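Just so it is clear, none of the values below were taken in a lab; they were calculated from the coordinates. These figures come from a predicted structure and were not determined experimentally. All Cβ positions, glycine included, derive from the backbone under ideal geometry; neighbour counts span all protein chains shown.
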Amino acid sequence: MNSEINKLFYKVVVNSLNTQQVNYLGSMLDRNFDLNREAGISEIIPIPRQTAAQILLDRFGNNEEDIVKLFAVLLENEGKRFYNRKLTLWGRDEFIALLKKNKWNYDDDLHRFFIDPFYEREINFLRKIRLLDLREKIDVKGIISEIEAISKTMGIQDLEWRITLRLYDIDATSSELIRKIIFLLLTRQNLQIFSSDIFVCLKELIINASKANYKVLFDKHVARKKGISIDSNYKEFLEMFRSEIEENGNANLLALAKKEDRFITITFQSTRESIDVWVSNNQGLTLIEKKRLYQRLMPNELSNDSFMLNESDEFTEGAGLGINLVLRVLRNYSKDPHPLKIVFYPHSLKIGFQLLRVHLLEKLEQRIQ
């Protein structure tokens with residue numbers, strides 16, 4: 001628990017909500033919540049707001065993530081009638097700044113905070129291939145040969161490194177390079193047996209990321225000129241988009257991506273504790289695509305939202321079957337109930353996963369037995 005976040009949120013609640021509003025907030029999370037019952041005192045005895053705030057935190061603020069969820073509920077209701085009066089948040093900007101300092105980012109569309117687990121550590125013994133820009137012509141075969149040579153001589157001290165790739169879309173050449181990098185991630189501890197599964201996960205994330213870029217470009221340059229948009233005519237848009245892919249593959253869309261330099265970035269990070277892999281877009285998603293993706297990862301979070309994912313929708317695709325496959329694979333190697341993480345920014349997003357080496361070693365031992 002971050003004590004600074006806990007203390008400031010307590011002040012936010014005390015200075016923003018009266019006792020009845022605190023009780024109302026608790027009942028939003030648990031319909032059976034009652035302050036007096038939680039305190040073990042008679043219903044006729046008034047509870048001071050400071051005590052009410054502490055009871056709320058004791059019940060729903062067990063960790064940093066729970067506190068952030070409580071604050072997100074308050075943010076979503078700011079300016080609205082909240083039980084018996086309009087909600088005005090004290091210390092709003094100060095608390096948001098504190099959360100941002102601790103890597104929590106707020107998304108205005110989904111009214112949710114996302115913690116960013118994907119940050120680059122200043123580690124790299126592979127200095128020559130720290131950044132590989134596949135948007136330009138480079139000697140991929142030479143780089144693969146170097147990776148193969150390094151893999152054979154790596155020591156335990158060489159577990160800490162990072163490689164970043166930039167590309168418009170995955171192809172045969174980049175696929176081979178990515179496979180070699182994943183092999184390098186796993187080789188020192190003889191975890192190569194998991195290479196194929198990790199490659200499958202990453203490939204699906206890359207396909208989804210490039211497709212997300214293509215959809216925005218297709219919407220902007222093709223669909224809107226025909227009176228159809230991703231926001232107002234979603235099914236018609238997807239039908240047009242699929243027809244484009246079926247007729248031309250990604251050729252026309254790749255040309256648009258190159259013209260506007262809409263690329264994706266893949267980061268591989270190896271530490272003594274974990275293997276981190278994430279994919280970043282350099283543009284944001286449309287609202288409907290953002291909701292589709294978030295609902296795949298957190299199916300119960302948007303249950304009261306006006307947009308609901310229809311599994312029987314004949315146009316369901318993109319952040320659908322591929323993401324489900326990634327989740328199924330990752331759950332074999334991670335004890336995290338939500339192993340695939342995402343962070344939305346105004347003009348970009350990150351999606352990826354972290355696999356603890358100790359869990360992979362446990363899995364390896366099970367296979368050997």
Sequence order, the stretch 26-40: Karplus ³J(HN,Hα) from phi using 6.51 cos²θ - 1.76 cosθ + 1.60, θ = phi - 60°, Hz rounded, Gly and Pro as x, gives x, 6, 5, 8, 8, 4, 8, 5, 8, 4, 5, 5, 5, 7, x
Plugging the Cβ-Cβ distance of D261 and A39 into 1/(1 + (r/R0)^6) at R0 = 56 Å yields, to the nearest 0.05, a FRET efficiency of 0.45
In degrees, nearest 10, the alpha-carbon axis of helix 321-330 is tilted away from the dominant principal axis of the alpha carbons of the chain by 80
Helix 64-77: inclination vs the chain longest Cα principal axis, degrees, rounded to 10, gives 70
So E247 and S232, fully extended at 0.36 nm per residue minus their Cα-Cα distance, gain in nm 3.0 nm
Whole-Hz Karplus couplings 3J(HN,Hα) for the stretch 256-272, θ = phi - 60° and coefficients 6.51, -1.76, 1.60, Gly and Pro as x, run 5, 4, 5, 4, 9, 6, 9, 10, 10, 10, 10, 10, 10, 10, 10, 10, 5
Per the charge dipole of the stretch 127-368 (beta-carbon charges, Lys/Arg positive, Asp/Glu negative, Cα centre), the residue among Y345, F268, Y234 reaching farthest to the positive end is F268
Per residue, the convex hull enclosing the Cα atoms of the stretch 69-119 spans a volume in Å³ of 77
Magnitude of the Cβ-charge dipole (Lys and Arg +1, Asp and Glu -1) of the stretch 3-102 about the Cα centre, nearest 20 debye, reported as 360
Of all DSSP beta bridges having both residues in the chain, the percent classed as antiparallel (nearest 5) is 90
Classified through the alpha carbon gyration tensor (a ≥ b ≥ c as square roots of its eigenvalues; rounded if a/c is under 1.5, else prolate when a/b is larger than b/c, else oblate), the chain comes out oblate
Computed from the beta carbon distance with a Förster radius of 30 Å, FRET efficiency for Y345 and N324 to the nearest 0.05 stands at 0.75
Checked against the positive end of the charge dipole of the stretch 127-368 (+1 on Cβ of Lys and Arg, -1 on Cβ of Asp and Glu, about the Cα centre), the farthest of L327, S195, L184 is L184
To the nearest 0.05, the calculated FRET efficiency linking A149 and K103 through their beta-carbon distance, R0 being 30 Å, is 0.25
The simple spin-label model distance between Q192 and D30, using points 7 Å out along Cα→Cβ, in nm, is 5.2
Taking every other residue with Cβ under 14 Å from the Cβ of K152 and scoring Lys and Arg +1, Asp and Glu -1, one gets -1
Treating only Lys and Arg (+1) and Asp and Glu (-1) as charged, each at its beta carbon, one finds that the chain has a dipole about its Cα centre, in Debye to the nearest 20, of 520
Residues meeting the amide H criterion for N105 (H placed from the backbone, H to H distance under 5 Å, 5 or more places apart or on another chain) are F114, I115, D116
Expressed in nanometres to one decimal, the distance between label points 7 Å along Cα→Cβ at L287 and S3 is 4.3
Helix 140-153: inclination vs the chain longest Cα principal axis, degrees, rounded to 10, gives 80
